[in-house]
Amino acid sequence: MPLPDHGVLMALDLGTARVGVAACDSGRVLAYPVEVIPASVCLPERVKALIDEYGAVALIIGNPLTLDGNKGIAATKIADQARTLALQVGVPIWLVDERMTSAQAHKLLRETGRNAKTARGVVDAQAAVGILESVLHALENGRPIGQELKTEDANGRP
């Protein structure tokens, strides 16, 4: 399913301890942090609830490619998590290159006076904002945004 032309997009920065969540307005002008989901929460249920609450039409998930642009162990793990989410969220999922978004989020938060301890819970949501901003810029400039997650079973059925 292609990325819908209009509507709210939601982004996730999937981590082992926390998941950062961001969304944009329906005009796709402004990306903003939504929340940080602790690892102890049932992720598919919480993400589905947020998609419903915000009326998101697609889910963007940061894909941690290696610095040379290849898939590594982390990207394979994220793709597996994304497939699990796809079974429950009911919107198209896109995997988008997220190289350096966490580092950029840490830098931005340091510039606003936060140290590592006070930024811990915020940096994940800010990284999700960075992922979503990269998508918004790509869409605005007619560039590809990443790849749509394909969820097919062994027989080729969705």
Within the under-11-Å Cβ sphere about L14, not counting L14, Lys/Arg +1 and Asp/Glu -1 give a net charge of -2
Counting other C-beta atoms within 10 Å, which of K48, K71 has the fewest, and how do the rest follow? K71, K48
Could you please rank L59, L95, L43, L12, placing first whichever residue has the fewest other Cβ atoms within 10 Å of its Cβ? L43, L95, L59, L12
I want to check the label-to-label distance for V29 and K71. Put each point 7 Å from Cα in the C-beta direction and report it in nm to one decimal. 3.8 nm
Treating cross-link reach as a plain straight distance, find the aspartates and glutamates whose alpha-carbon is under 17 Å from the alpha-carbon of K71, omitting any fewer than eight places away in the same chain. D13, D80, D97, E98, E148
Amide H of E98 versus every other amide H placed in the peptide plane: which residues, excluding those fewer than 5 positions away on the same chain, fall under 5 Å? N63, L65
Cut-off is 10 Å between beta-carbons; in what order do D97, D13, D25, D68 appear when sorted fewest neighbours first? D68, D25, D97, D13
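Quick note: the coordinates plus some simple rules give every number you see, no bench work behind them. Since the structure is predicted, the reported quantities are computational estimates derived from the model, not experimental observations. Glycine gets a Cβ as well: all are built from the backbone with ideal geometry, and neighbour counts include every protein chain shown.
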